[in-house]
Amino acid sequence: MNAQPTPAVLPVDLDAFWMPFTANRHFKANPRLLARAKGMYYWTADGREVLDGVAGLWCVNAGHCRAEIADAVAQQLNTMEFAPTFQMGHPIAFELASRLAQLAPPSMDRVFFTNSGSESVDTALKIALAYHRVRGAGQKTRFIGREKGYHGVGFGGMSVGGMVNNRKTFSTAMINGVDHLPHTLDIAHNAFSRGLPHWGAHLANELERLIALHDASNIAAVIVEPISGSAGVILPPVGYLKRLREICDKNDILLIFDEVITGFGRVGQPFAAQAFDVVPDLMTTAKGLTNGAIPMGAVFAKRKVYEAFMQGPESVIELFHGYTYSAHPAACAAALATLDIYAREGLLSRAATLSPVWEDAVHSLRGTAKVIDVRNYGLIAAVELEPRPGKPGTRAFDVFLKCFERGVMVRQTGDVIAMSPPLIIEPQHITRLVETLGEVIRGID
Ligand code: PXG
C-alpha cells in the first residue's frame, strides 16, 4: 500500500455540483475531498491518509483501485466500448450472467442487468407485476415493503422503502397499493446482540395481518433487505426471514430480497440468501458486483419466474423493460474481473472467517458512555449513540466528522455509526478503526 503524496487538486469552485444526500452548504464550507485510493485507504486532496471503514459506500468489497479491474475495463473500451442489448447481444454479457448464476442459490439462474441498485429494485418490482399478469393473475399488484427499508430512490423503490426523510417530500407521488411491515429493530429486547438477535421472529407474522387486510389475491410481492443497511444496520431476528418465505409461499406472493448491500460477500457468503438459507424469488444487487468501479446492477430471478414469461409467439418481446446501458460492455468487463478477484482471494467467504474478530472488536465499545447498542453480522457493524436531547443525529454526525479528521472514514445515519469495510480488511485495520471510533465517542459531548 504505497502512499504516494497526492498533489493538491482542490477545485476552484464547488458551487455547480448539487451533491446527492449531502448538506451542500455545510460541505462546501468544510469540504472533504478524496483524491486517490488504494487497498484499504483513501488519500484526501491535501494528502492525508484515510482508512476506509465503509468500502466507499458499501461497494468496494475487494479494496480500492484493483489494477485488474481497471485493465479489463480499458481493454474492453478499446475493443468495443458499447453494444446494444435490445435485440442484439455481446458475448461477455452472457458470460457474466452465467458466472453470476453459478454464484447465486441454485434455482436463481436468470439475470437482468441494470445500472444501479435503484434500477434493480424498480426492475424487480416490474418483473413481479408482469409475472403475475402473464400467469393470468394480473390483479396481484400490491407491494409490501418494510418500515426503515431502503430500496433506492426511484418512485418504486421510494414507495416500498420506509425511510421517512426520503418519502415525506414526495408523499403524493408514491406508487399505489403499497403497505409496510414493521421494522425489526428493538433495542429494548435486543441491545448488544452478537450476530442475529433472538427476539423478534414473530414480527414476520405481521405479514399475515396485512394479507388478511388486503387479501392475497391482490398482493404481488414482499420486498425486504435481508439486513437493512441505510437505516442503520437492522438485523433479521433468527427465524424471521424463513417465516416471511413460508407466508409468501402459502399465498402465492413473490419474495424479493434487496441484496444491494448484502450481496457479494458482505455477510460471509455470496448472498444473504445463502447465509440465511432462505431463497427469495427475485434478488436485487449492484454495488459489489463491479467493486464500485463502474455502475452496474443485476436482478436475479428464479428460473420459474423467467420461464413464466417464455410463452406465446417466439418473435414477441416478453418483457417491455430495459436500459440503454443494461449489460454495458465496460461494466461487464469490470464485473468479470471483480468476480475473478473474489474467487481467487476467497473474498466471498472472508467476512465469515473474520466475523468473530470483527464482532469482538465492535462489541468492545459496549460500556462506552453514550453507546446504547452495537449490532453486527458478517463484515457489517453499527454503533448506536444516545441522541443529544432535542438534536437527533448531531452527535453521530460530529463523531463521523471527528473520525474523518483522525483518518478514519465511517458512515453516519441518524444517531448510528455504520461500518462495512472492504472485505480485504486485516485485523490491524479493524483495531485501528474501532479504537479511533471509541476514542472519538469518548471525547464527544
Ligand atoms: N437497495 C439497497 C438495499 C441499498 O442499500 C439501493 C437499493 C440503491 O442503490 P443505488 O445504486 O441506486 O444507490 C441501496 C443503496 C448508506 C448508503 O450509507 C446506502 C446506499 C446508498 C447510499 C448510501 O447507508 N444504498
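The values are calculated or read from the model by the stated rules, or taken from the named source; none is laboratory data. Keep in mind it's a predicted model, so treat the numbers as computed, not measured. Ideal geometry is used to build each Cβ from the backbone, glycine not excepted, and the neighbour counts take in all protein chains shown. All accessible areas refer to the heavy atoms of the entire protein, side chains included, with ligands and DNA or RNA removed. Shrake-Rupley method; radii C 1.70, N 1.55, O 1.52, S 1.80 Å.
Residue-wise HN-Hα couplings along the range 17-32, as the Karplus relation 6.51 cos²θ - 1.76 cosθ + 1.60 with θ = phi - 60° gives them from phi, are 6, 7, 7, x, 6, 9, 6, 4, 6, 5, 5, 5, 7, 9, x, 10 Hz; Gly and Pro carry x. In the chain, Cα pairs under 8 Å separated by at least six residues give a relative contact order of 21 percent.
Projecting the Cα atoms of Met108, Ala16, Asn205 onto the charge dipole of the chain, computed from C-beta unit charges around the Cα centre, puts Asn205 farthest toward the positive end.
In whole Å, how far is the Cα centre of the range 22-97 from that of the range 109-150? Between the Cα centres of the range 22-97 and the range 109-150 lies a distance of 27 Å.
Between Ile175 and Ser159, the built amide H atoms are under 5 Å apart, and every one of these is 5 or more places off in sequence or on another chain. The percentage of C-alpha pairs in the range 310-445 whose separation is greater than 25 Å is 45%.
The accessible surface of the chain, taken with every protein chain in place and a 1.4 Å probe, is 55 percent carbon and sulfur. Would you mind checking the pairs Lys28/Lys287; Lys148/Lys168; Lys250/Lys304; Lys28/Lys402 and listing those with alpha carbons more than 22 angstrom apart? Going by Cα-Cα distance, Lys28/Lys287 fall outside the 22 Å limit. Based on the Kirkwood approach, the hydrodynamic radius assigned to the chain is 22.6 Å, with every pair of different Cα atoms included. Calculated mean residue ellipticity, 222 nm, the chain: -10500 deg cm²/dmol, from DSSP H runs (n ≥ 4) at -39500 (n - 2.57) each, averaged per residue and rounded to 500.
Computed on the range 298-407, with alpha-carbon pairs under 8 angstrom and 6+ residues apart, the relative contact order is 12 percent. Here the simple spin-label model places points 7 Å from the Cα toward Cβ, and for Lys168 and Ala369 these points are separated by 3.1 nm.
By average Cβ neighbour count within 10 Å, what is the ranking of 261-274, 163-176 from highest down? Show your work: numbers first, answer last.
Values: 261-274: 26.1, 163-176: 11.2.
Averaged packing, sorted descending, gives the order 261-274, 163-176.
Computed from the C-beta positions of Asp252 and Arg406 and an R0 of 56 Å, the FRET efficiency is 0.60 to the nearest 0.05.
Listed by chain and number, the aspartates and glutamates whose C-alpha is less than 13 Å from the C-alpha of Lys391, apart from same-chain residues fewer than 8 away, are Asp415, Asp445.
Heavy atoms of the protein chains alone define the surface here; on that basis the range 372-445 has 36 Å² accessible area per residue at 1.4 Å probe size. Highest mean first, the peptides 84-96, 128-140, 376-388 sorted by other C-beta atoms within 10 Å per residue fall in the order 376-388, 128-140, 84-96.
Sequence-ordered 3J(HN,Hα) estimates for the range 378-391 from the Karplus curve with 6.51, -1.76 and 1.60 and θ = phi - 60° stand at x, 10, 10, 8, 9, 10, 9, 9, 5, x, 5, x, x, 9 Hz, glycine and proline given as x.
Among 58-64, 283-289, sorting by the average number of other beta carbon atoms lying within 10 angstrom of each residue, highest first, gives 283-289, 58-64.
Per q in 0.15, 0.27 1/Å, what log10 I(q)/I(0) does a Debye calculation on the alpha-carbon atoms of the range 360-404 return? Evaluating at q = 0.15, 0.27 Å⁻¹ gives log10 I(q)/I(0) of -0.41, -1.07.
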